[in-house]
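Accompanying notes for the structure given below.
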Amino acid sequence: MDRAHAARVLGALHTAQNAFHSGGDDRPLARRLAAEVVWIVPGNNAIAGRYEGRSQVIGYFHRRRELAGGTFQVHPSALAS
């Protein structure tokens, strides 16, 4: 996958995440995740852990949205470089 394509894929994921975290539906976000997705959140806190599969990852996103009170946003500055 070339860098431009990867940036488009990540941009679409970040857009779907931001829409979801501001109160949107989770289906557009879920469509951006592979069925076998693994999402790892490091640390020792309320959302840390290993989430496997779309269902667990979307559940994690719901929990993060709840804890953040709808204020969480992704700021993908690394895509610009």
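Just so it is clear, none of the values below were taken in a lab; they were calculated from the coordinates. The structure presented is a predicted model; accordingly, all values stated were derived computationally and were not measured. Note that each Cβ is placed from the backbone with ideal geometry, even for glycine, and that neighbours are counted across all protein chains shown.
Residues in segment 49-59 carry Karplus couplings, in order, of x, 10, 10, 10, x, 3, 4, 5, 5, 5, x Hz; the curve used is 6.51 cos²θ - 1.76 cosθ + 1.60 with θ = phi - 60°, and Gly or Pro positions show x. A Gaussian network model of the chain, with springs between Cα atoms under 10 Å, assigns the largest mean-square fluctuation among 36, 52, 66 to 36.
Taking the three principal axes of the alpha carbon atoms in the chain, the coordinate ranges are 35, 26, 26 Å, sorted in descending order. Under the convention that each Lys and Arg Cβ holds +1 and each Asp and Glu Cβ holds -1, the size of the dipole of the chain around its Cα centre is about 60 debye.
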